[in-house]
Every structure is written in structure tokens, then in C-alpha cells.
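These notes are about the structure you will find just below.
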Amino acid sequence: MFPCRLPLFSLVSVMIAISPAMAQWTQWRGPERNGRVTSDAWPSKLNGAIQQRWTSKLGPSYSGPVMLDGTVFTTETVDKQTERVTAFSLADGSVEWQHEWPGYMAVPFFAAANGDWIRSTPAVVPGALVILGMRDVLVCLDPESGNEQWKIDFPQQYGQPMQAFGAVCSPLIHDGAVFVQLGGGLTKVDLETGEVQWQVLDDTAGMSGGAFSSPSLATIDGQLQLLVQTRQELCGVDLQSGAVYWREAIEAFRGMNILTPLAIGDTVFTAAHSGQSQLFGIDRASSVWSVDESWNQKSQGYMSSPVEVDGNIYLHAKSERFQCINSTDGSIEWTSRPVGKYWSMVHNDKSILALASDGELRLIDASPESFQVTDQIRVADDSWAHLAIDGSTIVIRSLDALSVYDWK
């Protein structure tokens, strides 16, 4: 359908990825797409330190909010007909603009408990806000005005399969291009023009193919690459050509590899739904890439993506328990009591801030010694969207509202 390798020509690079130093929450899982933020020491508590600045009622969404230059962007599904993006002033919650398109779809009955509303977290850089709707419609808007710059309906325009559970992948913007996993595979789109440049890793496992995971960037053995998890495989992909550097089969229940894999140096960690946790060493000799399993163990992933602090992996598992795993040998340092079905995590060098699906926000000591909750506070009734943090600002997208808090 699309060429997997481009002819050599000069690409106009109109945008670059936001660097960690800029510390704005512009995409899935933050500046580095791994939940890590660089900031001053966080307060030692939540109660008495968190104050709500404003809140605004919205339709349902699992999309995480993103922030850029004093504006926060969030999505919603309206009346089971329309997908809408709203830009709010971060300062006072006033609406700067809204943009919408037809976009609703119903998920299979056995997944109805997980909702039938938009899921993908947008990505924003100066000049472009990119959103993926449930029906594999990719939209690029001007973040200042909300004007549509381009829109691609992949099933309608290219005859690609629509994902039975709706599109889940959160787009990645890097060096003037958008990378996103769709029903037709991992796709590169020119950010300025909306031209599809290549498509690879057509993944037909499970119902109607597609992917539950989201790509990230990783430098492995000196090579910057896309780190991609399909329903069946873990892969490294060349950003320019789409060539697959390396691939490793990952066994998961009905192909439900959901979490975003985690790069740790030249290794990659993942944990499959009803499968196992694995760490792989990736390297190349004489331009040939190789993948070797460093260790595996019994911990099973689900939907929550892990974080790494000081050589330890913190994983919220399918068992609804939180675990600290030693990245060197896979040994489990500790396992918590059940703490909920899903949570999103952000961390600095010492602490983890975790938002659970039941709306409990926890401040956790990132220590291999024991599970230590420093403080916790309820900020929502139901929240499956990834939390966002920028300095002392915390943004929470609950199922029916967007709320901004100050952390004093």
C-alpha cells in the first residue's frame, strides 16, 4: 500500500521533539515518553499541598492531557457521535477553542466495561497538535487557533482495517514527522503536509489487527530508533526508511501487548498480558542486530506502563499489585497489596506520583526496600487517562472532567 523505503530526498523538518530540558508535558508519558520528569524536589506530602485551580466538565475520554505554552489540550467523545478537542487556558480554565469531527464507534460487547470513547493521547509541538481518533482518523490542528491543517481517514482513504477496540496508540512527533501504530501498521506521516511516507509492521494478530502499545524513541547501541511493540513482537525500526533493525516475538494473551516497553540503556523491558516479564539485550556486530534475553520471570503486565528509577523497574501488574523488579537479574524486591486495576506513573529521581483508575493519587518513595506510600489523596472518581505534570502544575483527566491542581 505504502512504500516501506523512501527514495533519497531532503525532508523539510518543521518541528522537533520537545527536549527534556523544556519540561513541558507534550505527549504520552511526558517529555521522554517514559514517565520521567526533571524537576526540583517534590513536596513530601499531598494533603494540604495540593490545591485545585479549576475544573471543567467534559464528555468521557481515556486520553491523557497535554500542555504547551500555557495551554492544556484534552479530548472527549460527545453523545456517542463526535470526537472533540478542547484547548483550555492553563491559568484559568477558559476555553480558547474547540474542534470536532464524526468519530464514535462501539467496542465488542465483552470489552464494553472498558468504554467506547476516545483513548489515544495527543502530541503537540509548536505549530502542530496531532490527535488519533478511535476510527483511525489522524488529525493535525494549529494549537493556537484550532484550525485543521490536515486530516487522514485511513480506513476510508486507504481501505485499511479498523481496529475492533478502537485506535489506542498515542502518536509520536519527531523531526518533522508523526509516527503512529494503526490498523494497517506502524505509519510515518509528514507533519507539515500530512503525506504518508511509509507503513511497516502490518500486524493482523487478534481482532482486526492494530496495536495497543505506543512507539517511543530509544538510542540502543548508539543508534537512535523507534522502539515499537506490536501485538506479537518487540521491534526496533529505522526512523527514516521504516526498515526493521531487529524483532523479537512476545507471547501475550490474544496478542494483548498493551504497555509501552521501557528502554534501559541498551536493554528493553516489557511485560505481556497473561505472559511474562522479560529483559532483552540489543546490540549489533558488523551491522547485524541481535536480540538476547537477559532474563524472564513470572510478573504479568496489563495496561500500566512501567518506570525505571536507579536500576529498578516499577511495574503495576495484572494482579493489581505494584512491584519493584531489579533490572539486573529480574528478582522481585517487593510486591504490594492490591492497589487497583490501572494506574499511570510519573517520577523524578526519588519519588513516583501514581494516579489510579479509582481516582487515588499516591506519592510513593522510589525505594527497593519496601512499598512506601508517603501520602495519598482522592482527586477523581474514575480516571484512566495518564496524569500530566509540569513543574508545580498537575493535570488530572477524570472520565467526566479536566482538573488542574497546584502543588505547593
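The values are calculated or read from the model by the stated rules, or taken from the named source; none is laboratory data. For clarity, every value in this text was computed on a predicted model and none was experimentally measured. Cβ coordinates were reconstructed from backbone atoms using ideal geometry, including for glycine residues, and neighbour counts include every protein chain displayed. The accessibility values were calculated without ligands, DNA or RNA, using every heavy atom of the protein model including side chains. Shrake-Rupley method; radii C 1.70, N 1.55, O 1.52, S 1.80 Å.
Annotations
- Every test in (1) open to solvent by less than 20 Å² (accessible area, probe 1.4 Å); (2) of a type in the set (Gly, Ala, Ser); (3) within 25 Å of Gly275 (Cβ to Cβ); (4) modelled with pLDDT of 95 or more is passed by Gly183 save one, and that test is (4).
- Number of the condition not met by Leu217 [criteria: (1) over 15 Å from the mean Cα position of the chain (by Cα); (2) open to solvent by 30 Å² or more (accessible area, probe 1.4 Å)]: (1)
- Being open to solvent by less than 90 Å² (accessible area, probe 1.4 Å), modelled with pLDDT under 65, within 23 Å of Lys350 (Cβ to Cβ) and within 21 Å of the chain's Cα centre (by Cα) holds for only one residue in Ser39, Ser19, and it is Ser19.
- When the residues of segment 146-176 are filtered to those that are over 17 Å from the mean Cα position of the chain (by Cα) and under 17 Å from Pro31 (Cα atoms), the one that is most open to solvent (accessible area, probe 1.4 Å) is Asp175.
- Trp334 being open to solvent by 10 Å² or more (accessible area, probe 1.4 Å) and within 29 Å of Glu248 (Cα to Cα): yes
- Number of the condition not met by Asp202 [criteria: (1) within 19 Å of the chain's Cα centre (by Cα); (2) closer than 19 Å to Ala252 by Cβ]: (1)
- So Glu96, is it open to solvent by less than 30 Å² (accessible area, probe 1.4 Å), among the acidic types (Asp, Glu) and not in a loop (DSSP other than H, G, I, E, B): no
- Flag for Phe253 being over 27 Å from Val395 (Cα atoms) and open to solvent by less than 50 Å² (accessible area, probe 1.4 Å): no
- Residue within segment 46-61 that is surrounded by fewer than 18 Cβ atoms within 10 Å (Cβ to Cβ), within 28 Å of Thr187 (Cβ to Cβ) and at pLDDT below 95 present: no
- Residues of segment 256-299 satisfying the condition of being in contact (Cβ under 8 Å) with a residue 12 or more places away in the chain and open to solvent by 60 Å² or more (accessible area, probe 1.4 Å): Asp266, Gln276, Asp283, Arg284, Asp292, Glu293, Ser294, Asn296, Lys298
- Scanning segment 73-107 for residues that are among the hydroxyl-bearing types (Ser, Thr, Tyr) and in contact with a Phe, Trp or Tyr (Cβ under 6 Å, 6 or more places away or on another chain) gives a single hit, Thr77.
- Conditions (1) more than 18 Å from Ser145 (Cα to Cα); (2) open to solvent by 20 Å² or more (accessible area, probe 1.4 Å); (3) among the acidic types (Asp, Glu); (4) in a strand (DSSP E or B): number failed by Glu76: (2)
- On the stretch given as segment 47-64, residues that are in a loop (DSSP other than H, G, I, E, B) and under 25 Å from the mean Cα position of the chain (by Cα) total 7.
- Those strands (runs of 3 or more DSSP E) of segment 238-333 in which 3 or more residues are hydrophobic (A, V, I, L, M, F, W, C) occupy 244-249, 262-264, 267-271, 277-285, 288-297, 321-326.
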